[in-house]
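Please treat every number below as a calculation from the coordinates, not as lab data. All values derive from a computational prediction rather than experimental measurement. So basically every Cβ, Gly included, is an ideal-geometry build from the backbone, and we count neighbours across all protein chains shown.
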Amino acid sequence: MVTDQYSSRVARFAALGDPVRLAIADLLHDGDLSPDTLTASLQIPGNLLAHHLKILTEVGLITRTRSQADGRRTYLHLELDGFDDLLPAASAISTRRVVFVCTENSARSVMAEAIWREVSNVPVSSAGTDPAFRINPRTRTAVRRAGLLLEQREPRDLDEVLKPSDLVVSVCDGVNEKLVNRRNPRLHWSIADPARVGSDAAFAQTFDEIRSRVSVLAPHVQTPIRKKRKSA
């Protein structure tokens, strides 16, 4: 059930959704502290601190240890592993090829293809639903300034490029809305068309945005492992 899958994360988010408890986590990040030290730092009564510590302990974000020097003292320790899965988790994707798609295949999808080649061994291509007659010169400038190689010579038509097993990543809102009937697995990045502004700065900004998105996605995409055939 979805509820069971997320219940632990929800409980930890709820525990951290209080300013005092969030402050406790910050104070404990770099080292273990005694409750007395926390009380002084936060300037709150001891009974209120105990309430907050109980909540953080129940969700597994802090633990207590006894002082080996003075058994009457305790130290509080922040369990950093409890924060590992709080951010949204990326899905593992298996595909034989990634195809980036925008309308004209002259800017955004071309940039994405060039960036992907630099960071991933998964095969890649790009295409457009209504290809332009040439790649935008400012696209070439943005790719060249980043020190990347632009292998694509001219825009490609999606119908001539796409295979049923390809993962489609649309980088254009219009394309995403046109591909609703495609059976390919799809992801969508809502990225503004730099050609509407038409400046080198706009293309550079778009390039940086796409590079950031590619760097997040690429580690989670792998090609399927081929099973070895048994010899007769």
| By how many degrees, 0 to 90 and rounded to 10, does the Cα axis of helix 2-16 deviate from the longest principal axis of the chain? | 60
| field | Value of Rg to Rh for the stretch 2-83 (Rh from inverse mean 1/r over Cα pairs, i.e. Kirkwood) | value | 1.00
| field | trypsin sites (Lys or Arg not before Pro) within the stretch 166-210: DSSP coil, no more than 10 neighbouring Cβ in 10 Å | value | Arg183
| query | Per-residue HN-Hα couplings for the stretch 117-134, Karplus 6.51 cos²θ - 1.76 cosθ + 1.60 at θ = phi - 60°, whole Hz, x for Gly and Pro? | reply | 4, 6, 10, 9, 8, 6, x, 9, 8, 8, 6, x, 7, 9, x, 6, 7, 7
| Any idea what the dipole of the chain comes to, in debye rounded to 20, about its Cα centre with Lys/Arg Cβ at +1 and Asp/Glu Cβ at -1? | 1100
| message | If amide hydrogens are placed 1.01 Å from N in the peptide plane, which non-local residues have theirs closer than 5 Å to the one on Asp157? | response | Gly128
| task | Have a look at His220, Ser165, Pro137 and report the one farthest towards the positive end of the charge dipole of the stretch 93-222, computed about the Cα centre with Cβ charges (Lys/Arg +1, Asp/Glu -1). | result | His220
| Roughly what % of Cα-Cα distances in the stretch 93-222 sit above 22 Å, to the whole percent? | 26
| Sorted by Cβ neighbour density within 10 Å, fewest at the top, the residues Tyr75, Tyr6 | Tyr6, Tyr75
| query | Tell me, what HN-Hα J-couplings in whole Hz come from the Karplus equation 6.51 cos²θ - 1.76 cosθ + 1.60 at θ = phi - 60° for each residue of the stretch 52-65, using x for Gly and Pro? | reply | 5, 5, 4, 5, 5, 5, 4, 9, x, 8, 9, 10, 10, 9
| query | In whole angstrom, how far apart do the alpha carbon centroids of the stretch 45-114 and the stretch 126-191 sit? | reply | 33
| request: Over the Cα atoms of the chain, compute the convex hull volume and normalise it per residue, giving Å³. | output: 254
